[in-house]
Amino acid sequence: MKVGKPQSKRVPVRLRHSRAKASAAKQRKDKKIAKKDPTWRSKSKKDPGIPNLFPYKDRILAEVEEQRRQKEEESARRRELAKQQRLNGGAAGDAMQDDAALDVDNDLLDDDSEMDDSMQVDESNPMAALLASAKARAAAFDQKNGQDEDAMDDDESEDDFTRFDAEDDEGAVNVRKDSSRKQFDKVYKQVVDSADVVLYVLDARDPEGTRSKEVEQMVMAADRGSKRMIFILNKIDLVPPPVLRSWLIHLRRSFPTLPLRASKPAPNAKTFEHKDLTMKGTSETLFKALKTFAESRQLKRSVKVGIIGYPNVGKSSVINALSSRMGGRTAACPVGAEAGVTTSLREVKLDNKLKLLDSPGIVFPNTSEGSKENKVQQQARQILLNAIPPKDVDDPVPAVNLLLKRLSSSEDLFAKLMAVYDLTALHTVAGDKTTDFLVQVARKRGRLGRGGIPNLHSAAQTVINDWRDGRIQGWATPPKHNPAATSTTKTAPASKGLVGDQKEIVKEWAAEFKLEGLWGDDTNDNDAMEA
């Protein structure tokens with residue numbers, strides 16, 4: 001067997017230089033592209049930690065834990081020492097002051113003697129003696145101030161822990177106070193009391209879930225029944241036209257209702273087209289209705305319009321849609337996909353006749369549903385209503401379970417849910433198919449932990465976010481209308497601030513706002529509403 005002659009590694013100079021130039025040109029091009037890339041990259045290198053193959057990793061981790069424990073013990077000891085010093089600060093403080101006074105007197109005597117010695121050193125030269133005296137007094141002053149500063153530093157170091165702990169406790173208390181239900185109820189009552197018209201914003205996917213009969217009674221009973229209330233059915237692009245039409249017919253039996261598309265949908269959201277019900281058209285319709293009411297009242301002041309509703313139903317988006325109808329400010333109020341963006345009362349002036357009052361979202365009382373639910377079920381229902389921020393969600397799995405139960409009632413909606421994540425048929429174990437659903441979602445979306453174990457919590461949070469942004473289609477259907485029940489309520493006397501005949505309320509208030517031509521649907525729907 002012949003062995004081939006080894007080839008030489010010599011390369012022509014021309015070829016070697018051409019390769020070097022091409023490499024340099026590619027590096028420059030990659031660097032230029034990297035500068036234009038909007039992806040944020042941290043310049044600080046991430047600490048890789050201790051490698052798993054390092055033989056003494058356990059020992060180093062134990063040493064780090066021991067140092068942390070010793071530091072905590074030292075902090076606790078200093079905190080306890082400062083507390084004892086504050087408790088025993090009476091007699092001990094007086095004794096320490098006396099000792100400090102004696103030390104200061106002795107130091108001053110020593111300084112005076114040193115000054116006398118320095119002055120006696122060179123009495124022939126008065127300038128030198130004056131300079132020596134100045135230096136001695138400066139040294140005494142610096143020494144005295146240094147002792148005082150050291151004492152102050154010691155006192156501050158001893159009190160730092162307790163003072164900062166107290167400040168942290170006060171801050172936590174303030175946060176809890178500001179975010180409490182009482183504070184939000186106070187703001188809500190302030191909005192209702194100061195408003196002439198109340199816009200009750202509802203989510204088109206579940207209007208009854210974001211509606212509270214108690215709140216409606218409170219609004220109608222306020223100021224001897226002089227308040228006016230309109231239902232605003234927001235997020236209409238997330239429901240099909242037949243469902244929207246059915247909800248409008250159902251809600252208009254109680255109060256005047258207007259459909260609204262206040263903002264653009266989230267990326268990759270599954271939306272529906274509604275002919276003329278665009279963002280501009282619906283916002284102009286609502287603005288015309290409010291202007292008509294303001295002109296009919298002929299008040300010397302501007303008419304205030306309060307906006308209430310559940311968190312994340314789009315109250316601030318309604319204000320932004322009204323303020324930007326004629327090219328005005330597009331961000332009058334901050335908005336976000338999560339609940340809890342608006343935390344305080346905000347007033348926005350549209351013109352000389354209209355002022356809008358934005359309020360924080362409140363989970364209104366709903367006795368009809370709350371009495372039948374435990375805390376876990378109630379939180380799951382509120383999560384599906386997007387009323388709880390993701391950071392406050394302890395366990396999103398029950399909410400996903402509730403979502404699967406709702407969508408399972410419709411084969412079409414359940415098939416669309418499976419198509420969103422491209423899942424196969426679910427395996428039911430002891431009547432539970434939520435676990436298998438979350439396992440498949442975790443594998444499809446890469447929500448895996450160490451060893452490839454599916455992270456069900458992260459997968460459930462992903463499903464909740466997709467539901468919130470409209471990537472998962474789903475909606476509630478209105479309850480069936482019972483004419484017999486409405487006829488009995490007509491003859492019943494008004495109770496709890498509600499007028500007996502709701503049909504007359506709708507007609508009267510619709511005339512005040514001139515809503516006959518602004519319903520956003522056909523006249524057949526109005527006939528169905530009156531049926």
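The values are calculated or read from the model by the stated rules, or taken from the named source; none is laboratory data. What you see is a predicted model, and the numbers here were worked out from it, not measured in a lab. With ideal geometry, Cβ positions are generated from the backbone for all residues, glycine too; neighbour counts draw on all protein chains shown.
Here residue 202 meets each of (1) hydrophobic (A, V, I, L, M, F, W, C); (2) in a helix (DSSP H, G or I); (3) modelled with pLDDT of 85 or more with one exception, condition (2).
Of the residues in the stretch 299-320, not one is within 16 Å of residue 350 (Cα to Cα), modelled with pLDDT under 85 and touching a helix residue (DSSP H, G or I) at 6+ places or on another chain (Cβ under 8 Å).
Here's a check for you: in the stretch 380-432, which residue that is assigned to a loop (DSSP other than H, G, I, E, B) and under 16 Å from residue 468 (Cβ atoms) is modelled with the highest pLDDT?
Residues of the stretch 380-432 that are assigned to a loop (DSSP other than H, G, I, E, B), as a first pass: 385-389, 393-396, 409-410, 422-428, 430-431.
This time we only want the ones that are under 16 Å from residue 468 (Cβ atoms), so: 385-389, 393, 396.
Working: 385: 89, 386: 86, 387: 85, 388: 86, 389: 83, 393: 86, 396: 92.
Across the stretch 380-432, the extreme among qualifying residues is 396.
Of all the residues in the stretch 411-433, those that are in contact with a helix residue (DSSP H, G or I) (Cβ under 9 Å, 6 or more places away or on another chain) and either among the aromatic types (Phe, Trp, Tyr) or over 12 Å from residue 472 (Cα atoms) (or both) number 12.
To keep it simple, each residue is scored yes or no on (1) more than 27 Å from the chain's Cα centre (by Cα); (2) at pLDDT below 85; (3) farther than 25 Å from residue 323 by Cβ.
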| residue | (1), (2), (3) |
| --- | --- |
| 190 | no, yes, no |
| 238 | no, no, no |
| 243 | yes, no, yes |
| 247 | yes, no, yes |
| 250 | yes, no, yes |
| 256 | yes, no, no |
| 286 | yes, no, no |
| 297 | yes, yes, no |
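Remark: pairs (first residue in the stretch 285-304, farther than 14 Å from residue 258 by Cβ; second residue among the β-branched types (Val, Ile, Thr); Cβ separation under 7 Å; 6+ apart in sequence or on different chains) = 294/303; 297/303; 303/197. The helices (runs of 4 or more DSSP H) falling completely within the stretch 208-311 that include 3 or more residues that are basic (Lys, Arg) map to 279-297. Of the residues making up the stretch 194-225, those that are among the aliphatic types (A, V, I, L, M) and within 20 Å of residue 381 (Cα to Cα) number 4. Set side by side, the residues 395, 351 differ, and just one is at negative phi, touching a residue at least 60 places away in the same chain (Cβ under 8 Å), acidic (Asp, Glu) and surrounded by fewer than 20 Cβ atoms within 10 Å (Cβ to Cβ), which is 395. When only residues in the stretch 302-326 that are among the charged types (D, E, K, R) and touching a Lys or Arg at 6+ places or on another chain (Cβ under 9 Å) count, which is nearest to residue 355 (Cα to Cα)? It comes out as 304.
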